[in-house]
1. Name the residues in the range 109-128 that are within 15 Å of the ligand (Cβ to nearest atom), touching a residue at least 40 places away in the same chain (Cβ under 8 Å) and part of a helix (DSSP H, G or I), would you?
2. Of the residues in the range 74-84, how many are more than 8 Å from the ligand (Cβ to nearest atom), touching a strand residue (DSSP E or B) at 6+ places or on another chain (Cβ under 7 Å) and not basic (K, R)?
3. Under the condition of being more than 16 Å from Y145 (Cβ to Cβ), aliphatic (A, V, I, L, M) and part of a loop (DSSP other than H, G, I, E, B), which residue from the range 164-219 is nearest to the ligand (Cβ to nearest atom)?
4. Output the residue which, of all residues in the range 160-178 that are touching a Ser or Thr at 6+ places or on another chain (Cβ under 6 Å) and hydrophobic (A, V, I, L, M, F, W, C), is farthest from R119 (Cα to Cα).
5. For the range 161-178, what are the residues that are open to solvent by less than 80 Å² (accessible area, probe 1.4 Å) and either of a type in the set (A, V, I, L, M, F, W, C) or closer than 22 Å to R36 by Cβ (or both)?
6. If S156 satisfies all but one of (1) over 27 Å from the mean Cα position of the chain (by Cα); (2) surrounded by 13 or more Cβ atoms within 10 Å (Cβ to Cβ), what's the number of the condition it fails?
7. Does A158 satisfy the condition of being modelled with pLDDT of 95 or more and within 13 Å of the ligand (Cβ to nearest atom)?
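The values are calculated or read from the model by the stated rules, or taken from the named source; none is laboratory data. Remember, it's a predicted structure, so these values are computed and weren't measured experimentally. Cβ placement follows ideal geometry from the backbone for every residue including glycine, while neighbour counts extend to all protein chains displayed. Each accessible area value is taken on the protein alone, full model and side chains, heavy atoms only, with ligands, DNA and RNA left out. Shrake-Rupley method; radii C 1.70, N 1.55, O 1.52, S 1.80 Å.
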Amino acid sequence: MIYRLSDFQFPDAAARLFPDTPERPFVLEIGFGDGRFWPHYAATFPAAPNYLGVELSGVSLLKAHRRLKDAGLGNAILTKMPADVLVREVIPASSLDQIIVNFPDPWPKAGHTDHRLLRQDFFRLAASRLKPAGSLLLTTDHDEYFEFALEQAQASGAVLTTQGEPPAAALETKYAQKWRDLGLGVNHARFTPNPAAQFSAPHGLTTSYPKDEQAVPHSILTLPDSFAPQDFDKYTARSQQFGSAGWTVVLLDLYTSLRRDGWVALAHTVEGELTQEVLIGITRRDDGTYLVRLAKFGGPIITAGVKAAVGAVTDWLESQGAVVVHRAY
Ligand SMILES: C[S@@+](CC[C@H](N)C(=O)[O-])C[C@H]1O[C@@H](n2cnc3c(N)ncnc32)[C@H](O)[C@@H]1O
């Protein structure tokens, strides 16, 4: 099954994601590529564990989906998003038996280590989502990244490290085969939550698109007779906070609705690695005021950045002479 971000709850529960097999182990694979690992690994268990795979590449997602379907692996969910967003927002605390990372992108250039997945913060987050007896399994050909991950793990204080042989299935992936053909070896480590240092990594403030219309981020305002939508120009807003807690909103365009009296704004939001494209309607109400509201179209999830996008449309309209009578974002 393929899940979009909006198909999840925040946080979700293994029993909801895998209602037919809630008693089975729960395994997350990060960066599954073309999906070769899971059929091999699942076959080493008496019954296939519940599998959640996360990947950035849409092409890989489709290849892996076909592979899991051909292998008859039904209790498997694949999703396309940055791994840290899934782990922070969706995975409940102390719920995973294993996190698998095979041949992560090494980001070898100087100054690019910030892009690496296995940094201190991620080890703390992963430790908080693993069961006490759970583990993160790393297999990589890249010696320098391997040393980097070991150092970051130790510096995090959140995990204990054991080096050893990778599971046989990790040597069946596309990248494993690539390095084997070149005659290169692999490194493997198992990271387990440090029982002496329990870290809690809270979920963000993400929620699903509300069923209750009143809870959808919105504002109500009046527009002056002089309002000229054709004056719209690209508009950018940024939060004061930096890093994953901060957001950037770019209002890209404004379209006239042919069906309703009003317009639709197209916004791009960036929050750390999470990006969303959202639509915000500006619709005339019976009393002559206008409702500025996040549209459900496209499956947005409610984050600080998405609320800020509704705020940015409201602010731009205010700069054009609108008078805001109600804000709820
Ligand atoms: C070098 S490939 C390895 C693929 C596969 N594990 C294998 O061994 O063949 C790394 C994969 O990780 C994915 N990836 C990189 N960063 C990611 C992230 N933050 N979240 C999810 N997937 C990511 C990439 O799209 C790519 O498919």
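1. Across the range 109-128, the qualifying residues are F123, L125, A126.
2. Of all residues in the range 74-84, those more than 8 Å from the ligand (Cβ to nearest atom) come to 74-80.
Checking which are touching a strand residue (DSSP E or B) at 6+ places or on another chain (Cβ under 7 Å) leaves us with 75-80.
Next cut, not basic (K, R) only: 75-79.
Residues meeting the conditions: 5.
3. Looking at the filtered set, the residue picked out is L182.
4. Taking the range 160-178 and keeping what is touching a Ser or Thr at 6+ places or on another chain (Cβ under 6 Å), we get 160, 166, 170.
From what's left, hydrophobic (A, V, I, L, M, F, W, C): 160, 170.
Details: L160: 14, A170: 21 Å.
Here the answer is A170.
5. Scanning the range 161-178 gives G164, P166, P167, A168, A169, A170, L171, E172, T173, A176, Q177.
6. (1)
7. Working: modelled with pLDDT of 95 or more: yes; within 13 Å of the ligand (Cβ to nearest atom): no.
Here the answer is no, as A158 does not meet what is asked.
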